[in-house]
């Protein structure tokens, strides 16, 4: 049972990202074990070699038109089993244990996301049902659609006008810097602390988060402009993002704790 669980964990982090349950779909994600395993250079080379061999075999199998769909599925299962065994043999016992812990955590997170998704879907279905109960006429439906479309159009226009009004205040240099910041935000998608429902941050926490963001952007640009090997640069950027997320979570946790302490303190 222990070996089976470990094999499933390896499978989830490697082969599963390439071989979809729906045949013919190709994953755009690469093979990579969690960074927390701290693979040595030798281990990483072995993992890359195993991944390349697996990809080549899968590619050959998919391009083989002389094999039936059922046989292809069977072959894919065999290749996936061989691949996860190869990865398992590369890891140390400690890394295998760590991988199981990470997989367990990931499964819990996926379960929570699934529950939230199901709840949202239920609400959407209920909303549509409630609308039907209104017995709207075709004329009313058309009017509602027209109002919604007009609202969306005006929202876009207002957003554009808002940005133009702000640009009148900023200097050209500030506008250029702001564009760079927006690019970083949209690229990394890690700056979402302001949207947490029910959690209003104090000024000190906001300042800490802003300073953290600014420092992250500066260090990120410095790494991107450095003349180090691509693999080393990728690793540095990954470490930087991980540290940013950890510090960000800590600031938010401290802010929440401070807020709870104030609420529990008698007036």
Restricting the search to segment 63-120, which residues are within 28 Å of residue 49 (Cα to Cα) and not in a helix (DSSP H, G or I)?
64, 65, 66, 67, 91, 92
Looking for something part of a helix (DSSP H, G or I), outside the structural domain of residue 242 (by TED's automatic domain parsing) and at pLDDT 90 or above - is there at least one such residue anywhere in segment 28-44?
yes
List every residue pair whose Cβ atoms sit under 6 Å apart, with the two residues 6 or more apart in sequence or on different chains, where the first one lies in segment 228-252 and is more than 20 Å from residue 206 (Cα to Cα) and the second, anywhere, is modelled with pLDDT of 90 or more and surrounded by 13 or more Cβ atoms within 10 Å (Cβ to Cβ).
none
Does residue 78 meet the test of being surrounded by 13 or more Cβ atoms within 10 Å (Cβ to Cβ) and modelled with pLDDT of 90 or more?
no
Can you name the condition, by its number, that residue 220 falls short on among (1) exposed (fewer than 13 other Cβ atoms within 10 Å of the Cβ); (2) modelled with pLDDT of 80 or more?
(1)
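The values are calculated or read from the model by the stated rules, or taken from the named source; none is laboratory data. Keep in mind that this is a model prediction, so the values were computed, not measured. For neighbour counting, all protein chains shown are included, and Cβ atoms are generated from backbone atoms with ideal geometry for every residue, glycine included.
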